[in-house]
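In what follows, a single structure is set out as structure tokens and then discussed.
The values are calculated or read from the model by the stated rules, or taken from the named source; none is laboratory data. Remember, it's a predicted structure, so these values are computed and weren't measured experimentally. Quick reminder, even Gly has a Cβ in these numbers, built from the backbone with ideal geometry, and neighbours come from all protein chains shown. To get the accessible areas, we keep the full protein, side chains included, count just its heavy atoms, and leave off ligands, DNA and RNA. Shrake-Rupley method; radii C 1.70, N 1.55, O 1.52, S 1.80 Å.
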Amino acid sequence: MRVVSGIQPTGDLHLGNLLGAILRWVRMQDEAECLYFLADLHALTVDVDPVQLRASVREMAAALIASGIDPKKSIVFAHSAVPAHAELAWILGCTARMGWLNRMTQWKDKAGKNREGSSLGLFAYPVLQAADILLYRATHVPVGDDQKQHIELSRDIAIKFNTDFDVDLFVPPEPYIGGGSAARIMSLRDGNAKMSKSDPSDMSRINLTDNDELITQKIRKAKTDAEPLPDDSTLLDSRPEARNLVGIYAAVTDESVEQVLTRFAGQGFGAFKPALADAVVALVAPLRTRLEEFRRDPAMLDKLLADGAGKAAALAAPTLARTYDAVGLSRSRNA
Ligand code: TYM
């Protein structure tokens, strides 16, 4: 079992990242060989501020270890530091089909009406994501629900490449999506939009860096309806904001939605929101304190990332060499 997953180092880590992915990454460290990386090449697909990007890579590395990723157990690195990712992405870009990429909902959402003005990188980035995964012959890719389509694309690319070149090289990966409510944490302002770092309203998300007061305020102001909580989870289906807040509570306290409803059925949000705020603060506050500590030590973070990149590069090299060989390229000829 080999686990690979990544996160873009843009903005702050939010509760969606934490519940949808990172806390599962932490749990998987004891079960498998894990590689977790900062997808800094992905961050270039939209306008980027170089100073900000450099700072964000360290900041996100600090956030990961503050959340419990242990660099002694897992390989942590920035994928730009392992050139094999970009090299493999080129080759896989010749296997992937335009039609497959055109169907990616994230491309459609992010490009919107401005397809012609979007970068080629934004269109092609799911191919780089496939390279990130296939390079390490990952068996499990723990992600939130929004990444499922990209993992399925990685499977399609792996299978087509193996078939086209008649090799048994790439392992078609499985998306590993946490069951229940954590897979899709929604915005606090709109129960139909996912919680996201690109949402212009900071009130829509809870960040790892938010202090207790701000977390409580964001939850108090979260959009809801006037009804009390039901005793049956199916009755939440038509109430996206209520469903989201109950889902967050369940994910944070590691309970089922039914268990949460058993406790709060009949109560309004006046009672539920303070309980939710307490639960979120109890999860986030200790991580935030650790984050502040790690942030003060950039040299440690740089060393950790350099060590991780060295280990990742060693694991990537044989797969890349076999890929070159499969397509008829010879790296040694020009070496
Ligand atoms: P990114 O940086 O958008 O998000 C990182 C992880 O957080 C999950 N996530 C969520 N889960 C539940 N609810 C939400 N509201 C929410 N928002 C984010 C994402 O599903 C993801 O697991 N393309 C990827 C990064 C990447 C990658 C990879 C992932 C690059 N290469 C290879 C896996 C394997 C991305 O932009 O994630």
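Checking E31 against (1) touching a Ser or Thr at 6+ places or on another chain (Cβ under 9 Å); (2) more than 9 Å from the ligand (Cβ to nearest atom), which test does it fail?
Here E31 meets the rest and fails (1).
Filter region 27-40 down to the residues that are more than 16 Å from R137 (Cβ to Cβ), among the charged types (D, E, K, R) and touching a strand residue (DSSP E or B) at 6+ places or on another chain (Cβ under 6 Å) and list them by number.
D40 - this is the single residue of region 27-40 that is more than 16 Å from R137 (Cβ to Cβ), among the charged types (D, E, K, R) and touching a strand residue (DSSP E or B) at 6+ places or on another chain (Cβ under 6 Å).
Mind checking whether some residue in region 92-100 is aliphatic (A, V, I, L, M) and near the ligand (Cβ under 9 Å from one of its atoms)?
The answer is no, given that none of the residues of region 92-100 is aliphatic (A, V, I, L, M) and near the ligand (Cβ under 9 Å from one of its atoms).
In region 285-329, which residues are open to solvent by 40 Å² or more (accessible area, probe 1.4 Å) and among the polar types (S, T, N, Q)?
T289
What number goes with the only condition from (1) outside the structural domain of H150 (by TED's automatic domain parsing); (2) within 26 Å of L64 (Cβ to Cβ); (3) open to solvent by 70 Å² or more (accessible area, probe 1.4 Å) that Y176 does not pass?
Unmet for Y176, out of (1) outside the structural domain of H150 (by TED's automatic domain parsing); (2) within 26 Å of L64 (Cβ to Cβ); (3) open to solvent by 70 Å² or more (accessible area, probe 1.4 Å): (1).
Scan region 94-120 for residues that are open to solvent by less than 40 Å² (accessible area, probe 1.4 Å), closer than 26 Å to N162 by Cβ and either in a loop (DSSP other than H, G, I, E, B) or touching a residue at least 24 places away in the same chain (Cβ under 8 Å) (or both) and jot them down.
T95, A96, L101, M104, Q106
Let me confirm something: among E59, E87, which residue is away from the ligand (no atom under 14 Å from the Cβ) and part of a helix (DSSP H, G or I)?
E87
Looking at region 127-136, is at least one residue away from the ligand (no atom under 14 Å from the Cβ) and either open to solvent by 50 Å² or more (accessible area, probe 1.4 Å) or among the aliphatic types (A, V, I, L, M) (or both)?
No, region 127-136 contains no residue that is away from the ligand (no atom under 14 Å from the Cβ) and either open to solvent by 50 Å² or more (accessible area, probe 1.4 Å) or among the aliphatic types (A, V, I, L, M) (or both).
Just give me the residues in region 1-26 being within 16 Å of T139 (Cα to Cα) and more than 7 Å from the ligand (Cβ to nearest atom), in sequence order.
M1, R2, V3, R24, W25
Are any residues in region 138-163 in contact (Cβ under 8 Å) with a residue 40 or more places away in the chain, under 23 Å from A326 (Cα atoms) and either surrounded by fewer than 17 Cβ atoms within 10 Å (Cβ to Cβ) or not small (G, A, S) (or both), and if so, which ones?
Listed by number, the residues that qualify are T139, L153, D156, I157, K160, F161.
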